[in-house]
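Taking it in order: structure first as structure tokens, then the write-up.
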Amino acid sequence: MKTIYTKMTEEQIDPEQIRLAGEILRGGGLVAFPTETVYGLGGDAFNPESSRKIYAAKGRPSDNPLIVHICRLEDMERVAVRISDEAWKLARAFWPGPLTMILHKCPDLPAETTGGLDTVAVRFPSNKIAQALIGAGGGFIAAPSANRSGRPSPTLARYCREDLDGRVEMIIDGGQVGLGLESTIIDLTEKEPAILRPGFVTWEDLQEVLGKVNAGSLAAAVTDGAPKAPGMKYRHYAPKGRLTIVEGMPENRAAYINDRLRRCREEGIRTGVICTDETRDLYVADLVKSAGSRESEESVARELFRILREFDDEGAEEIYAESFDSSGIGRAVMNRLLKAAGQRIVHV
Ligand code: AMP
Ligand code: MG
């Protein structure tokens, strides 16, 4: 298949290209598109064949369900039933925006879209290109992140091309995404609302609206049993090199990492470090990448997946990352880093 490429901005949406993309979606094809979190790979949520194609294009296990994207708050009722007051409250507080809610699924939504679960993940993104596309595609677009399974989620259209060229009908380039980490996922189908994946809408934000919210485990650990968010059990974002997170006082951290780096150099192993503007001069790795200032957790979140992909491109074999605070948005950053590192963390 030859992938169609098109480019636009939120300020200047190209109606002709959106119409074409909508036609592709309604005809059962796939379109990768920007959202405020990461790029998504969309297909018609009510077409089981489209959902099958998404799994195939990503190389994703078909028991890992998709998020249904809508472009009008009230459309939540077309995909979910028995919607609680809490869900409406959250929708009014955070939509459109980077929050995904797990609700009881409508019977006519295909099992393929929800990975066979009787619940459905729903989100109303704020990105204007995404909203226009969802509308043009019929209003219900199933979309996971637009990467090949296991790779970091794409924050640039270039990364969608790397992973999906020739596997999808169209890729819409809307520039670098604003946030850079996937949406917060909250489960509202159990007695107590519970965070399944931390993100930009923080535990603190959610508590402000709902009161008591279960924060979930930071690591969203790989378990033997059936995890609540099926995505949890798969290895994620993993760079090709071996990534280790190092936690401790800045001086101890730098001393430990530099010691490891020196040993790698002796063995001719290519090294990388993920750090911040405040500490970048401390390291002697082949590749030292700052994710921005510690003052701005937003910047760290936005740059993380790009850095992981660059390490792959530049052949880093042994990678060390500084740890981040696990409150606020830092919680989401640490969650993704831990997954990327296969939970490998050392305390110094
Ligand atoms: P992605 O957009 O690529 O991050 O993938 C969607 C994520 O949403 C996956 O991690 C899924 O496990 C999660 N998800 C989707 N639907 C459900 C659901 N019904 N229950 C729990 N998690 C879900
Ligand atoms: Mg994903």
>> Of the residues Gly268, Gly315, Gly272, only one is modelled with pLDDT of 95 or more and in a strand (DSSP E or B); which?
In response: Gly272
>> Checking the condition within 16 Å of ligand 2 (Cβ to nearest atom), of a type in the set (Gly, Ala, Ser) and either touching a Cys at 6+ places or on another chain (Cβ under 8 Å) or at pLDDT below 95 (or both), which residue from Gly42, Gly59 passes?
In response: Gly59
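Every residue, every condition in (1) in contact (Cβ under 8 Å) with a residue 40 or more places away in the chain; (2) in a loop (DSSP other than H, G, I, E, B), yes or no:
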site	(1), (2)
Pro154	yes, yes
Arg161	yes, no
Gly175	yes, yes
Gly178	yes, yes
Ile185	yes, no
Glu192	no, yes
Phe200	yes, yes
> All but one of (1) open to solvent by 10 Å² or more (accessible area, probe 1.4 Å); (2) under 22 Å from the mean Cα position of the chain (by Cα); (3) among the β-branched types (Val, Ile, Thr) hold for Val81; which doesn't?
Replying inline: (2)
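Taking Ala93 as the residue in question, decide whether it is surrounded by 23 or more Cβ atoms within 10 Å (Cβ to Cβ) and either touching a Leu at 6+ places or on another chain (Cβ under 7 Å) or assigned to a helix (DSSP H, G or I) (or both). Step through it out loud before you land on a result.
On the way: surrounded by 23 or more Cβ atoms within 10 Å (Cβ to Cβ): no; either touching a Leu at 6+ places or on another chain (Cβ under 7 Å) or assigned to a helix (DSSP H, G or I) (or both): yes.
It is false that Ala93 is surrounded by 23 or more Cβ atoms within 10 Å (Cβ to Cβ) and either touching a Leu at 6+ places or on another chain (Cβ under 7 Å) or assigned to a helix (DSSP H, G or I) (or both).
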> Taking interchain pairs and intrachain pairs at least six residues apart, which have beta carbon atoms under 6 angstrom, with the first residue in region 287-313 and in contact (Cβ under 8 Å) with a residue 40 or more places away in the chain and the second among the aliphatic types (A, V, I, L, M) and in a strand (DSSP E or B)?
Replying inline: Phe311/Ile319
> If Pro107 satisfies every condition in (1) at pLDDT 95 or above; (2) open to solvent by less than 10 Å² (accessible area, probe 1.4 Å); (3) part of a loop (DSSP other than H, G, I, E, B) but one, which is the exception?
Replying inline: (2)
> Could you list, in sequence order, the residues of region 14-57 that are within 28 Å of Leu304 (Cβ to Cβ) and in a loop (DSSP other than H, G, I, E, B)?
Replying inline: Leu30, Pro34, Thr35, Glu36, Thr37, Val38, Tyr39
> Which number in (1) away from ligand 1 (no atom under 16 Å from the Cβ); (2) at pLDDT below 95; (3) in contact with an Asp or Glu (Cβ under 6 Å, 6 or more places away or on another chain) marks the one condition that Glu251 misses?
Replying inline: (3)
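Is it the case that Ile54 is within 16 Å of ligand 2 (Cβ to nearest atom), open to solvent by less than 10 Å² (accessible area, probe 1.4 Å) and either touching a helix residue (DSSP H, G or I) at 6+ places or on another chain (Cβ under 9 Å) or of a type outside the set (D, E, K, R) (or both)?
Considered against the rule, which asks whether it is within 16 Å of ligand 2 (Cβ to nearest atom), open to solvent by less than 10 Å² (accessible area, probe 1.4 Å) and either touching a helix residue (DSSP H, G or I) at 6+ places or on another chain (Cβ under 9 Å) or of a type outside the set (D, E, K, R) (or both), Ile54 comes out as yes.
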>> I'd like the full set of residues that are more than 16 Å from ligand 2 (Cβ to nearest atom), at pLDDT 80 or above and part of a loop (DSSP other than H, G, I, E, B), limited to region 218-248.
In response: Lys240, Gly241, Gly248
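The values are calculated or read from the model by the stated rules, or taken from the named source; none is laboratory data. Since the model is a prediction, treat every value here as computed from it, not as a measurement. When we count neighbours, we look across all protein chains shown, and the Cβ atoms used for this are built from the backbone with ideal geometry, even at glycine. Keep in mind that these areas ignore ligands, DNA and RNA; they rest on the heavy atoms of the full protein, side chains included. Shrake-Rupley method; radii C 1.70, N 1.55, O 1.52, S 1.80 Å.
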